[in-house]
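This report concerns only the one structure given below.
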Amino acid sequence: MVNALQVYNILDSEIPFSSQESWDNSGLLINTGEHTDTVLVCLDVTKAAVDRAVEAGAKIIVSHHPVIFSGLTQIDCNHIVYTLIKNDISVISAHTNFDKYRYGTCYAMADKLELAAEYDENIEIGLKAAVNEKLTVKHLAEKCKAVFGTAACTLPDNQVKKVFICAGSGGGMTEEILASGADCYITGEGKYHDMLDLAALGVAVITTAHDASEKISLEALAGIITKSNKDIKTEIYIAENLQYVL
């Protein structure tokens, strides 16, 4: 049996919470003090995720997206925080510190796409990867669709040799993309004008949907916990994509 502080320390030893971005709110966000042998790992702390935690007997949830992101001014009976506390469930959220992890969200994307990751200690968030076969952007986008369920791209006829990957919301990263020497950028969601600027420079963009790009890494997040303590059971909750693709 473990409590939330013990699970927090396990995560902190591998993906230090001190490495999170200044605007982030990762960490031990709700601590009810309950002990448990089951931890639920999810992307977002939704009502469905809490229901699954209750069903699994999990008194701790580890999420990627913080359940509390900005200051709360009030909580009523319909708020997810109220539901968590009422069910004695603690929450630890590992967001940008997990994005920066060598085997975190960006690595999971490269791994699923069978791309060769190239590590650069100067890159805080994001990952360079080589393409080891002759591919056009359209062909790579088709691979993305097969892995993530959806994909859209710019400059579909361009050839791809090197990509830059940023899971989730990858807006505002034009400088890092260009510095990497990539000819294609793969992200969950991007800003229209960033894509326009990159297209003018000959760099294609493939988007896969924010949640689809990140939930494939939940197994790695759960693995950090179980690697440290084999007695802890993890239950991975993977929700349907937020957006329904017609």
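Each value in this text was obtained by applying a stated rule to the coordinates, not by laboratory testing. Owing to the predicted nature of the structure, the values given are computational and were not obtained by experimental measurement. A quick note on method: Cβ atoms are made from the backbone with ideal geometry, for glycine too, and the neighbour counts reach across all protein chains shown.
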Inset, instruction - Compute the convex hull volume of the Cα atoms of the stretch 127-176, divide it by the residue count, and report the result per residue in Å³ as a whole number. - result: 93 Å³
Inset, instruction - With an 8 Å cut-off on Cα pairs and a minimum separation of 6 or more residues, tell me the relative contact order of the stretch 132-181 in percent. - result: 37 percent
Legend entry - Centre separation in Å (Cα based) which lies between the stretch 18-32 and the stretch 130-204: 30 Å
Legend entry - Cut-off of 10 Å, at most 13 other beta carbons, DSSP loop: longest stretch of the chain lacking such GluC sites (Glu not before Pro): 125-239
Legend entry - the chain - share of DSSP beta bridges that are antiparallel (%, nearest 5): 40 percent
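In the structure displayed, which of Lys86/Lys230; Lys59/Lys112; Lys112/Lys227; Lys191/Lys227; Lys145/Lys227 lie more than 26 Å apart, Cα to Cα?
From the list (Lys86/Lys230; Lys59/Lys112; Lys112/Lys227; Lys191/Lys227; Lys145/Lys227), the Cα-Cα distance tops 26 Å for Lys86/Lys230; Lys59/Lys112; Lys191/Lys227; Lys145/Lys227.
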Inset, instruction - Output the relative contact order of the chain, whole-number percent, from Cα pairs under 8 angstrom with separation of 6+ residues. - result: 20 percent
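Given +1 on the Cβ of Lys and Arg, -1 on the Cβ of Asp and Glu, and no further charges, what dipole in debye does the stretch 1-156 carry about its Cα centre, rounded to the nearest 20?
Once rounded to the nearest 20, the dipole reads 460 debye.
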Inset, instruction - If a/c stays under 1.5 just call it rounded; otherwise compare a/b with b/c (prolate if a/b is bigger, oblate if not). Do that for the stretch 133-246, with a ≥ b ≥ c from the square roots of the Cα gyration tensor eigenvalues. - result: prolate
Legend entry - Selection of chymotrypsin sites (Phe, Trp or Tyr not before Pro), the stretch 1-60, meeting DSSP coil and at most 15 other Cβ within 10 Å: Trp23
Inset, instruction - Check cross-link reach from Lys100 to the lysines: straight Cα distance under 17 Å, and skip same-chain residues fewer than eight apart. - result: Lys128, Lys215
Legend entry - Loop trypsin sites (Lys or Arg not before Pro), the stretch 93-127 (other Cβ atoms within 10 Å of the site Cβ: 16 or fewer; DSSP): Arg102
Legend entry - Largest-first principal axis extents of the Cα set of the chain (Å): 54, 35, 32
Legend entry - Vicinal HN-Hα couplings computed from phi for the stretch 75-80 (Karplus, 6.51 cos²θ - 1.76 cosθ + 1.60; Hz; Gly/Pro x): 9, 10, 5, 9, 6, 5
Legend entry - Rounded to 5, the percent of DSSP beta bridges in the stretch 105-213 classed as antiparallel: 55 percent
Legend entry - Anchor Lys47: aspartates and glutamates whose Cα lies under 17 Å away (excluding residues fewer than 8 positions away in-chain): Glu55, Asp76, Asp88, Asp211, Glu235, Glu240
Legend entry - ³J(HN,Hα) computed for each position of the stretch 23-29 - Karplus, 6.51 cos²θ - 1.76 cosθ + 1.60, integer Hz, glycine/proline x: 8, 7, 9, 7, x, 7, 8
Legend entry - Cα gyration tensor category, rounded, prolate or oblate, for the stretch 40-146 with a/c compared to 1.5: prolate
Legend entry - Normalised contact order of the stretch 105-213, rounded percent, pairs of Cα under 8 Å and 6 or more residues apart: 27 percent
